[in-house]
Amino acid sequence: MPYKSITGMHDVLSADAERWQFVEKTARDHFALYGFAEIRTPIVEQTALFERSVGALTDIVQKEMFTFEDKDHDSLTLRPEGTAGVVRAVLEHNLINSQSPDLKVFYLGPMFRRERPQKGRYRQFYQIGVENFGSSSPLADAETIEMLARFLNKVGVSEWSLHLNSLGQKDDRTKYQDHLRLFFEKNKNSYCTDCQERMDRNPLRVLDCKKTICQELATEHPVILDFLNDESLQHFKEVQNILTQMGIPFLVNPKMVRGLDYYQRTVFEFTCPKLGAQSAVAAGGRYDSLVKDLGGPDSPGVGFALGVERLLLLLPEKLEEKKNQKIFIAFLGEKARTEALTIASGLRIHSLECEMNYEVKSLKSQMRRADQIGSSHVIILGEDELKKGMAAVRNLNLKTQEEVSLQSLVNYFKK
Ligand code: ATP
Ligand code: MG
């Protein structure tokens, strides 16, 4: 084979397309119940957009982005996540502003991160994401989380755990970061070189370093929950109360900080043990300064992104069998061929699914093809039958056959 797909990037073949479509359709229908509408943004954005929003000192920006210089010397990046581009787009098109800050959107599409490929971790992967702009009420956090929980249940994934934490507001973070720096100071030189660099400017990022040495050194680190001001604490309590009221189980995980800088206050992750090492199927949080940081009004927001490949690993092997009719048209001889296509056209106008061969072939070969593609019925067009305006219809499941007039074929299959 002279050409191969790029490391960590995968084809979705037709055999799997049904599972993807099932997930996507369920998401569209489910999010619509909550008033979310789709938004599609480009796959490529200015590199600076991600540096500014995801954070220049995060793993994503420092190590994982596919960044290249365009011919006119702009630095461009294949999007590693969806929120930054969505915020850029809604500001560019003035979809949120200080007069009308509310907007609910979802997106669905490929993201790119240059990570080490393994099960559940790829270099091109798909996310379904949601952004809920305009409110800092804990109701917005709870509803967004509840929508995701119910979505997972709807696609048949019910064995999840929801981890919740609060990262507080800017002042809480500043206090916390000072304590973290002090904590890291003790073993400063034992951390990896990346972490040593991050420690001063962005100590929180040391906590999501994936290196074993850094994780071991940081085991007993101070947790942000001990540094929250009353307002942040109250907000976090309310999110928990509302979730409890709606019957969404969760556990508070004071060590979870998430890998992107724009999160504030509520952060969450849905994990599934079945996924093994890459256990997070979806994650998100509140980002109250992001819109402002990217040049917009002071508009809060909360959202999440779900990894489609990881979700697909959790779905049952076989989706429920569709019991649709599928018709194959077998024609005998050159003269019947165009008539066959005309009949196919007539059936499809009435939303009946049918296929036929283009080439003249034996009945036996056509029956084999009908079987191969899972047909339920075969219409057999012989020249003699055609002269009488009739066709034979064979039901492959019941193994019966009857004569049907060409005019009544649509009615026959519609009944
Ligand atoms: P992880 O801790 O697994 O690296 P993350 O914190 O980097 O995840 P987010 O940026 O929050 O993940 O993205 C949300 C979701 O997108 C994840 O929960 C996961 O399901 C999916 N995801 C993230 N990175 C990848 C990847 N490289 N390949 C496949 N799915 C991914
Ligand atoms: Mg990651």
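The values are calculated or read from the model by the stated rules, or taken from the named source; none is laboratory data. These numbers come from a predicted model, not from an experiment. Please note: Cβ atoms are built from the backbone with ideal geometry, for glycine as well, and neighbour counts cover all protein chains shown. When the accessible area is computed, the model is the full protein with side chains, heavy atoms only, and any ligands, DNA or RNA have been set aside. Shrake-Rupley method; radii C 1.70, N 1.55, O 1.52, S 1.80 Å.
Filtering 360, 393, 410 for residues that are more than 17 Å from residue 333 (Cβ to Cβ) and either touching a strand residue (DSSP E or B) at 6+ places or on another chain (Cβ under 8 Å) or open to solvent by 70 Å² or more (accessible area, probe 1.4 Å) (or both) leaves a single hit, 393.
Filtered by the rule that a residue be part of a strand (DSSP E or B) and among the hydroxyl-bearing types (Ser, Thr, Tyr), the range 61-87 gives 67, 75, 77. Residue 187 versus (1) in contact with a Gly (Cβ under 8 Å, 6 or more places away or on another chain); (2) free of Cβ contacts under 8 Å to residues at least 40 places away in the same chain; (3) not basic (Lys, Arg): which is the lone unmet condition? (1) is the only condition that residue 187 fails. Filtering 71, 154 for residues that are more than 16 Å from ligand 2 (Cβ to nearest atom), touching a Ser or Thr at 6+ places or on another chain (Cβ under 6 Å) and open to solvent by 20 Å² or more (accessible area, probe 1.4 Å) leaves a single hit, 154.
Is there a residue being assigned to a loop (DSSP other than H, G, I, E, B), out of contact with any Lys or Arg (no Cβ under 6 Å at 6 or more places or on another chain) and more than 28 Å from residue 125 (Cα to Cα) anywhere in the range 265-283? Scanning the range 265-283 turns up no residue that is assigned to a loop (DSSP other than H, G, I, E, B), out of contact with any Lys or Arg (no Cβ under 6 Å at 6 or more places or on another chain) and more than 28 Å from residue 125 (Cα to Cα). For the residues 307, 303, 295, the requirement of being more than 16 Å from ligand 2 (Cβ to nearest atom), under 30 Å from residue 104 (Cβ atoms), assigned by TED's automatic domain parsing to the domain that holds residue 121 and within 23 Å of the chain's Cα centre (by Cα) singles out 303. Regarding the range 124-139, can at least one residue be identified that is within 23 Å of residue 291 (Cα to Cα), hydrophobic (A, V, I, L, M, F, W, C), in contact with a Phe, Trp or Tyr (Cβ under 6 Å, 6 or more places away or on another chain) and crowded, with 19+ Cβ neighbours inside 10 Å? Checked against the condition, which is being within 23 Å of residue 291 (Cα to Cα), hydrophobic (A, V, I, L, M, F, W, C), in contact with a Phe, Trp or Tyr (Cβ under 6 Å, 6 or more places away or on another chain) and crowded, with 19+ Cβ neighbours inside 10 Å, the range 124-139 yields at least one hit. In the range 91-129, how many residues are farther than 20 Å from residue 41 by Cβ and of a type in the set (A, V, I, L, M, F, W, C)? Final tally of qualifying residues: 0.
Restricting attention to the range 260-292, the residues that are within 9 Å of ligand 1 (Cβ to nearest atom) and at pLDDT below 95 total 5.
Condition check ((1) open to solvent by 60 Å² or more (accessible area, probe 1.4 Å); (2) of a type in the set (A, V, I, L, M, F, W, C)) across all residues:
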| residue | (1), (2) |
| --- | --- |
| 218 | no, yes |
| 223 | no, yes |
| 226 | yes, no |
| 231 | yes, no |
| 242 | no, yes |
| 254 | no, no |
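Filtering the range 124-135 for residues that are away from ligand 1 (no atom under 14 Å from the Cβ), outside any strand (DSSP E or B) and at negative phi leaves a non-empty set.
Give the residue, chosen from 52, 28, that is part of a helix (DSSP H, G or I), under 30 Å from residue 202 (Cβ atoms) and more than 16 Å from ligand 1 (Cβ to nearest atom). Checking each option against the conditions leaves just 52.
State which residue pairs qualify: first residue without any contact (Cβ under 8 Å) to a residue 60 or more places away in the chain and inside the range 66-79, second residue open to solvent by 60 Å² or more (accessible area, probe 1.4 Å) and among the aromatic types (Phe, Trp, Tyr) in any location, beta carbons under 9 Å apart, and separation of 6 or more residues or different chains. That search, which allows pairs on different chains as well, returns 75/68; 76/68; 77/68; 78/68.
Could you check the range 258-282 and list, in sequence order, the residues that are open to solvent by less than 10 Å² (accessible area, probe 1.4 Å), over 15 Å from residue 157 (Cβ atoms) and within 15 Å of ligand 2 (Cβ to nearest atom)? Once the filter is applied, which keeps residues that are open to solvent by less than 10 Å² (accessible area, probe 1.4 Å), over 15 Å from residue 157 (Cβ atoms) and within 15 Å of ligand 2 (Cβ to nearest atom), the range 258-282 yields only 267.
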